Each structure stands twice: as structure tokens, then as C-alpha cells.
Amino acid sequence: MAKLASYVLAIVLLIIGIVAGYYAGFYTAPQKVITTTIPVGAATVTMTTTVTATPQVPAYTVPEKIKAAWIYVGPVGDFGWSYMHDVGRRVVAELFKDWLETTYVENVRADQAPAVIDELVKKGYTVIFTTSFDFMDQTFDKAMQYPNILFFHCSGYKRWKNMGTYFADLYQIYYLNGLMAGALTKTGKLGYVAAHTIPEVVRHINAFAIGAKEVGAQLGKNITVYVIEIGEWYNPDKARAAAKTLVEQFNVDVLIFTEDSTAVVVFAQDLYKQGKEVYVFSHYSPMYEWGPDVVVSGQLVRWEVIYTDILAKVKAGIYRPDNLENIDYWYLLNTGAVDLGAHVYPNGSVMHINPKFIPKLKEAKVKDVLTGELVSVYDLVMRRYQQMKEAPLLQPLQGQALTHLLESLEKVETGAKYVPAAPIAPIFEPFTGPLKGYCLPERGYSRFCTGKPGYAEVNIPPGERLTHDDLWNMDFFVSWVAYQGKI
Amino acid sequence: MPKVAIVKRELSKTVATVAKVLVILLGLLIAIALTSIITGASMELAGITLLQGFLNLNVFVYISTLLPIAVGLSIAFSASAWNLGAEGQLVIGAVGATFIALYTPFGRQEVVAPLMALLFASFLGALWALPAALLKMARGINEALTTLLMNFIAYHMTNYLVKGPWRGRAVYGYPTTDMIPVQARIPTVPGYSFSWYVVVICVVIALLMQLFLYRTKVGIALRALGSSPRFVELAGISSKRLFLIAFLLSGALAGFAGGVKVLVYHGKLVEGPIVGSGYGFTAIMLSWLGGLNPLLLIPASYYTAALYILSFGLQIGSAAVGDALANAIVGSLLAFILLADFLTKYRLVIRWS
């Protein structure tokens, strides 16, 4: 029995330790409760947050020299997401070198981010960019703890007095890539390697599918986009395996992906060397050099467009730690924050389409759905590119959460004699009805799928343009996307 | 041909300690020199950067996860219970804490919620360690292997939960749960990212386990189990039961650390490998660094934690180096500790024949 008593004693001591320790800590820190209301998509979420009471903070003044820091989730050498953020950082560091000092911390995991933020604040950094969705809640906690520091979080939806959000979205580029894919494919089967099926990627898959069908259907092809999800943002091995499955089992001859490495491009180039031609579109950074024979085009991002705007406004005293609550950049092709292409020449100009494929794209003739003219696919791509790029009134609306819903207005009537209406949204929007689709299971945050079971039908009536919120909450696939599950 | 032999040496405790400290200081000096050569920053600046890593209170962020796991593992390893599954037990502990906070009525009650969550996390951690212990006792199946494999089962179970039934409503399809209620979260110190409550608990646990291992009959028998199991049997204590208690304690403490990760750092359940992020494996190294002694584990975990802080601190400011180089410097600092340990216990004898 003595033995048993000892066991019990050990466990009791352990429990006492936990309880005693907890109470000892509980009575040593003062706290207060803050209730905040955050708009999340259409719904509103009320959150109560307990923060330890902070002493009175001195009023904010714009520092003479601004110190800005970036926190990256991956290594700068990933040649994808973090790499392009760092290119953006280098641009502003050089551009504003008279008054800006920058630094970055790479390979930070979500649970480590708070301590890294503490360290940055202690070292005098007053503008902090956290560049992963994973960091959202940690950045939000820290924004409340440091009311005098300006936080900008990339890709999230939680904002606060001193925490803004920003994102450069690629869906228009995926649509343009889709047009080319529709012209080039012989089998009509296209493969998509997706990191996660969150709204951002779902939007990109749909935009690509819409573009491919617009051209493919006119050329007599039956377009299907096969999607394999790999569940990670950066995993070259899984991306390659998914690409291999798509080519071998689904007979796709075009590959497109959302993953932060060059794996899929390299895979397609290897196939080319073995005598099999599979076209590929590079993602996020210019990956042309990894597959000069197979890369048709791709998506490029230019975070410096957003970073320049933010930091110039911080310097001018426009962005202050008490007015970021509605700062939410949603930058599209019209702003230059994203671009069509797979290569940047040494002089800085962009190769939009690999010259090798231009003749083929010029041969294929299709009708422009807006005008009814017969044009080559190459001309169509360039026409759409220009149409989405020219939207002079759009950019001022894209910087704040309050004005996002106005972005899909096509024009504003002025009543003036010589300028009867001012255009807002681009003439062309890929997500315009009629569109048919189906809801993704276990989601339901858009107005189309909320409260509906998985695979419920989605019908967007002819002429209806999806709004910012529809795009942001997208939880359905168009009907010719075939989701194959996760590996 | 020269002959090289490694010979055990007996040094007095003071000499050994002084020698160890000297070797560690030498390691630090080399790290400072390396940093300053590579970045072109002055030695002084490199030194300050390095020192800041060690003086940063945020070391407690890492101590409060690593220390409880390492204490648990020390108990297990002392009893020759080779539990390599702390990672999985931690992850399952995190699942337990999330369950209490999100899906039970306790989740919205102040004080009760974190307490219940931590206790349930420890319970689940122990439960996750149980099958391996039972398999060993009943069939003699190597527990190192089974615990190691259980890690991956834990990862995948957690992934299933956050991608399936537990996926949050306000997370846009991202593989995480919703945030746990604020009542269940353990507040952190202003200006830092750790919680005093947890730090106090961790130190108390280390002290209690020290008492348990060195002052109670069961604890002493536990330690003897490693070196002479027959002796323990002869003393009339069931070695199987000792094995089990060591295993369960280590599982419970790893589960506790998992609870801490959810309640303090994540505020929600995320994918398995992100919750675990290798702490369960780092703790194995740490428990040997501390010589399987819960008290010595406190400075050992402090040192390891400081190295974590350092690997980020080195990336910031004027003496900034990249992540890869920062890790190389941190790794060499750790290597120097092992070298110090080796040199105080053994010496190299080279004979020319």
C-alpha cells in the first residue's frame, strides 16, 4: 500500500503544483476586458479580449527615421511568397533610404511570432509587416499590447486601430493564363496543384477555369480543370507528386499551381526533355528560367507597390497608430501590384508571354464575348490585360475596407452634359454571370453557400458581377472544376 | 600508426564545472567572432547582440514549453523507459486543451477554463503514452519505436480534426479551429509573450519532480530501475509498475506543454506539425543536456531557450545575419556544450607505436 500511496502523492503533488502555480500567477497581473466588434465577411463577430493593463502611452509622433521590419513565414530563398515580399522590402529600403531603415526575420512559425515582435519593438521598429495568414491572431494580440506601433498584416481580415491589412490578388492573372491554356491544350484537360482550398485559391482556380473555358469552348474543346490539394504552402515534393498524378492519371497537358516553389515548373521541363510536352504557368515569382521550353506565362506579384504606398503615408503622418482600422489594401492588376508574366529582363521590363508560344496563340482565333469581333487568342489576352489595367477610379477605392463594395460598380452617373457617366470597375470582369457551380463541402461563408449542404448548386444570373465580398468569401467551384481531393 | 583511445577521467566537481564554463565561454567568443567577421559589424556590437539573446525575458516563452516535457522525459529515461513520443503526446495535449476550451461549458468560465484545459491536456498526454507502455509490458514490444510512430498518428489525427469536424467558422477554410474563448486564454506579460502563471507552474513541477525522484521511495526505485532492475525487484517493488508510472508522468507533462501552447501561444488548434513544431524532439536532447536531473534542467532549458531567441535576435538590426547562418551559430554553441561535457568526462589518449 505504501507504494500506491507514493504514486497518488506524486500525482496529487503535480495537480497541486499546477493549481498553486496558476493562482500565484493569476493574482500578480492586473487585467482589463476589451470588447471589439470585427466585421468578418458579411457577418459580424464580437470578441472579448482580456489584456493586461498597459501604462499610459505617450502620444504618437512621426519619427525622424522610420524603422520598418518584416516577418516572413518561410525562408527568403523559397523563390516564392517570402522571396517576393523581400524584393518589395529591398525596393522601399533603397527608394526611401534617406529616412527608412529596414530589417527582416525569416522562417518564423506562428507561435514564435509574438516573441519576434517583442524583440523588434524593443529594438525600435515602429512599422511591422507580418506576411502570413498564420500570423493574424498573434499580430492582433500584439497590436493591442503595443498601441504606438503600426502593424500591417498581409492576407488577413482582423484589423484594429493600429493594425491594417493588405493583399495583392492574382485572380485576373489566373484568368488571363486560363485564356492561353484554353488555346494550347490538346486534351482539354488542365491540372491545378493547389496549396489549400481557402477562398483565395478557390478564386484563382475558378478564374483560371473561366478563362480556359471561354477560349476552349469556342475551339471545340471540352474543358475540365482537375484540382489536387496538397495542404501546404511550401512542399516541393508534394507539389511534384501532385503534378505527376495529374499528368499520368488525368492526362492533363497544362499545369498551373499555387505553391511556393519551382517544383511544378521543373517537373514540366523534365517531361519536355523526355519528349512529352506539358505547358506550365509560373507562380508568384519569375520562374521562366526553370522551364524555358514549357513556361507559357504566369503570375507575378509586386509587393513594393503596396509597401511604397504604406511607408510614404506613414512618413507623411497619414497612417498613424489610431487610424488603421479601415486600412485594407485589395490591389489588383490596375494598381500594378500584380502582373502577367514569367520573366523579368535585366532592364526591369516584363516578358508577359514566352515568345516561343506567341505564334500558336496568334493562330487560334476566337470571338471576343464583349464585342463579338473575331480576334486571335494573343490579341484577346492583351485586350483583356489592357481592359483590366485601365480603371482610373478604382485604385482609390481599393485601399480601405469601407469602399470595397463600390469596386464592382461599373459607372457613376454624373448628370453632366459632356461627361454623363464616369467608369469605375474595369470594362471586363471574369466573374460575371452566367456562371454555374457547386458549393464546397464543410464551408458556407458566401451568400451563395451559407447554410447549404456540400455540392449544392450555385447559379449566378447573366450580367451579374461578383463583388469584393463575394470574391473574398468564395466557397464554390464552377461546374467544370473537378476537385480530386487532398494528398 | 598512432593509436587513439578514449579514456574515462575523474575530475573533481569544481574542476569539472570550471572547465565546462570555460569551454562554453570559448564557444560564445567564437560565435561573436564569427558574427562580426561575417557581418562586418564590430566585435562589441556582435557581443551585445549575442548577450541580448541571453538577457531577453522572452526565453520564458520556450522554457514554459520545453521544461515540462524535458522534466517528464528525464523521469522516463531515468527508468529506462524510452519515450520518444513526447511530440505526439504534446500534440494530443493541445487537442485536449482545445476540446475543453471550445466544446465544453467550462470553456467560458474564467480561471476554471485554463485549469481544466491544462489538467485534461495532461490526462490526454498520459493516455496517448499508455498504449506504448502496455505493449511493452505485455508483449515486450520496443517502446522507442511505438512512441515514435504514435507521433505521426497524433499529427494526422490533429490534421483531420482541424481540416474536418473542428474547422472554424470564421477561418475561411483555413485548417484551424476558431479562437478559444478569451476566458480560457492565459494572459501574457505586457511587452513579452509568455505567461508568469505557466512559468511558475513549470518551475514548481521541476522542483516537485526533483523531490519525487530523489526523496521518495518510488522515485529512488525509479532511478535504480535504469541501472539495476533486478535490485529493484528484490527490494519488493514491481518494476512494471514503476515503468508505467514513469511513462505516464512523461506523457502527462508533454500533454501539459501542449495545453500551454494552445492556451498561451496559439489561441486555437492548428495543424499537428505546427503545434508540435519539434519541441518534443528538442526536449529529448534537452533532458540529456540537463543530465536527467529536473533541477539542472532549469538552467539547461534556459540555455536552449536563449539559443532560440538568439536565432531570431541575430537576424535583426545592424549585426543581422540570415536565418541559415543564425542557426549555424546557434548550433555550434550547442556543440560546444556537448564538447565540454565530453572533455570533462573523458580524455583522448594518443599513442605512437
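The conditions of being assigned to a strand (DSSP E or B), modelled with pLDDT of 90 or more and surrounded by fewer than 18 Cβ atoms within 10 Å (Cβ to Cβ) are met by A:Val412. Checking each residue in segment B:187-245 for being closer than 20 Å to A:Asp111 by Cβ, of a type in the set (Ser, Thr, Tyr) and part of a helix (DSSP H, G or I) picks out only B:Tyr197.
Take the residues in segment A:86-104 that are within 14 Å of chain B (Cβ to nearest Cβ) and in a helix (DSSP H, G or I); name whichever of them is surrounded by the fewest Cβ atoms within 10 Å (Cβ to Cβ). Within segment A:86-104, the match that is surrounded by the fewest Cβ atoms within 10 Å (Cβ to Cβ) is A:Arg90. On inspection, B:Gly267 fails the criterion of being at positive phi, of a type outside the set (A, V, I, L, M) and more than 14 Å from every other protein chain (Cβ to nearest Cβ). Scanning segment A:120-133 for residues that are surrounded by fewer than 24 Cβ atoms within 10 Å (Cβ to Cβ) and at the interface with chain B (Cβ under 10 Å from one of its Cβ atoms) gives A:Val121, A:Lys122, A:Lys123, A:Gly124, A:Tyr125, A:Phe133.
Mind checking whether some residue in segment B:305-320 is more than 14 Å from chain A (Cβ to nearest Cβ) and either of a type in the set (A, V, I, L, M, F, W, C) or surrounded by fewer than 18 Cβ atoms within 10 Å (Cβ to Cβ) (or both)? No; the residues of segment B:305-320 include none that is more than 14 Å from chain A (Cβ to nearest Cβ) and either of a type in the set (A, V, I, L, M, F, W, C) or surrounded by fewer than 18 Cβ atoms within 10 Å (Cβ to Cβ) (or both). Among the residues of segment A:382-404, is there at least one that is outside any loop (DSSP other than H, G, I, E, B) and within 14 Å of another protein chain (Cβ to nearest Cβ)? No, segment A:382-404 contains no residue that is outside any loop (DSSP other than H, G, I, E, B) and within 14 Å of another protein chain (Cβ to nearest Cβ).
I'd like to know if segment B:276-285 contains one or more residues that are closer than 29 Å to A:Lys123 by Cβ, in contact (Cβ under 8 Å) with a residue 40 or more places away in the chain and within 12 Å of chain A (Cβ to nearest Cβ). There is at least one residue in segment B:276-285 that is closer than 29 Å to A:Lys123 by Cβ, in contact (Cβ under 8 Å) with a residue 40 or more places away in the chain and within 12 Å of chain A (Cβ to nearest Cβ). The set of residues in segment B:178-205 that are under 25 Å from the mean Cα position of the chain (by Cα) and closer than 30 Å to A:Asn473 by Cβ comprises B:Ile180, B:Ala184, B:Arg185.
Take A:Phe431 and tell me if it is away from every other protein chain (no Cβ under 14 Å) and not β-branched (Val, Ile, Thr). Yes; evaluated as a whole, the condition is true for this residue. The number of residues in segment A:60-83 being more than 12 Å from every other protein chain (Cβ to nearest Cβ), in a helix (DSSP H, G or I) and under 14 Å from A:Glu232 (Cβ atoms) comes to 1.
Scanning segment B:327-353 for residues that are under 11 Å from B:Ala31 (Cα atoms) and in contact (Cβ under 8 Å) with a residue 60 or more places away in the chain returns B:Ile329, B:Ser332, B:Leu333, B:Phe336. Cβ separations smaller than 9 Å between residues 6+ apart or across chains give no pair from segment A:231-242 residues that are in the same structural domain as A:Arg109 (by TED's automatic domain parsing) to residues that are not in a loop (DSSP other than H, G, I, E, B).
Here is a yes/no grid of residues against (1) touching a residue at least 40 places away in the same chain (Cβ under 8 Å); (2) crowded, with 20+ Cβ neighbours inside 10 Å; (3) touching a Ser or Thr at 6+ places or on another chain (Cβ under 8 Å):
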{"residue": "B:Leu84", "(1), (2), (3)": "yes, yes, yes"}
{"residue": "B:Leu102", "(1), (2), (3)": "yes, yes, yes"}
{"residue": "B:Arg108", "(1), (2), (3)": "yes, no, no"}
{"residue": "B:Gly125", "(1), (2), (3)": "yes, yes, no"}
{"residue": "B:Trp128", "(1), (2), (3)": "yes, yes, no"}
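With the structure loaded, tell me whether B:Ala324 is without any contact (Cβ under 8 Å) to a residue 60 or more places away in the chain and either surrounded by fewer than 16 Cβ atoms within 10 Å (Cβ to Cβ) or closer than 20 Å to B:Asn56 by Cα (or both) or whether it fails that test. For B:Ala324, the condition - without any contact (Cβ under 8 Å) to a residue 60 or more places away in the chain and either surrounded by fewer than 16 Cβ atoms within 10 Å (Cβ to Cβ) or closer than 20 Å to B:Asn56 by Cα (or both) - is met. Give me the pairs, please: first residue somewhere in segment B:19-41 and more than 10 Å from B:Phe336 (Cα to Cα), second residue anywhere and loosely packed, with under 13 Cβ neighbours inside 10 Å, beta-carbon distance under 7 Å, and either six or more positions apart or on two chains. Within 7 Å, the pairs are B:Ser36/B:Ser42. Among the residues of segment B:173-186, is there at least one that is part of a helix (DSSP H, G or I) and either among the acidic types (Asp, Glu) or more than 7 Å from every other protein chain (Cβ to nearest Cβ) (or both)? Yes.
Among residues of segment B:221-249 that are facing another protein chain (nearest Cβ under 9 Å), those with a beta-carbon under 6 Å from a residue that is assigned to a helix (DSSP H, G or I) and among the hydroxyl-bearing types (Ser, Thr, Tyr) at least six positions away or on a different chain give the pairs B:Ile245/A:Tyr7. You will find that of B:Leu263, B:Leu269, B:Leu292, B:Leu253, the residue that is under 13 Å from the mean Cα position of the chain (by Cα), buried (at least 22 other Cβ atoms within 10 Å of the Cβ) and at pLDDT 85 or above is B:Leu253 and no other. When residues in segment A:373-402 are screened for being in contact (Cβ under 8 Å) with a residue 60 or more places away in the chain and more than 22 Å from A:Asn326 (Cα to Cα), 6 of them pass. Only one entry of B:Ala94, B:Ala144, B:Ala117 meets the criterion of being surrounded by fewer than 24 Cβ atoms within 10 Å (Cβ to Cβ), assigned to a helix (DSSP H, G or I) and aliphatic (A, V, I, L, M), and that entry is B:Ala144.
Let's see how each residue does on (1) more than 14 Å from every other protein chain (Cβ to nearest Cβ); (2) closer than 26 Å to A:Phe133 by Cβ:
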residue: A:Leu184; (1), (2): yes, no
residue: A:Gly188; (1), (2): yes, no
residue: A:Tyr192; (1), (2): yes, yes
residue: A:Ala195; (1), (2): no, yes
residue: A:Glu200; (1), (2): no, yes
residue: A:Gly220; (1), (2): yes, no
residue: A:Ile230; (1), (2): no, yes
residue: A:Gln249; (1), (2): yes, no
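Condition check ((1) at pLDDT below 90; (2) surrounded by fewer than 16 Cβ atoms within 10 Å (Cβ to Cβ); (3) under 30 Å from B:Asn293 (Cβ atoms)) across all residues:
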| position | (1), (2), (3) |
| --- | --- |
| B:Ala138 | no, yes, no |
| B:Leu161 | no, no, no |
| B:Arg167 | yes, no, no |
| B:Val198 | no, no, yes |
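Checking B:Thr14, B:Thr65 one by one, the residue that is free of Cβ contacts under 8 Å to residues at least 60 places away in the same chain and within 26 Å of B:Ala206 (Cβ to Cβ) is B:Thr14 and no other. Only residues that are within 22 Å of A:Tyr331 (Cα to Cα) and either part of a loop (DSSP other than H, G, I, E, B) or of a type in the set (A, V, I, L, M) (or both) were counted in segment A:446-487, giving 8.
For segment B:162-170, the criterion of being out of contact with any strand residue (DSSP E or B) (no Cβ under 9 Å at 6 or more places or on another chain) and assigned to a helix (DSSP H, G or I) is satisfied by at least one residue. Of all the residues in segment A:247-291, those that are among the hydrophobic types (A, V, I, L, M, F, W, C) and free of Cβ contacts under 8 Å to residues at least 60 places away in the same chain number 10. Only one of the numbered conditions (1) farther than 30 Å from B:Gln109 by Cβ; (2) facing chain A (nearest Cβ under 8 Å); (3) surrounded by 15 or more Cβ atoms within 10 Å (Cβ to Cβ) is not met by B:Gln210, and that is (2).
The values are calculated or read from the model by the stated rules, or taken from the named source; none is laboratory data. Owing to the predicted nature of the structure, the values given are computational and were not obtained by experimental measurement. Note: ideal-geometry Cβ built from the backbone for every residue, glycine included; neighbour counts use all protein chains shown.
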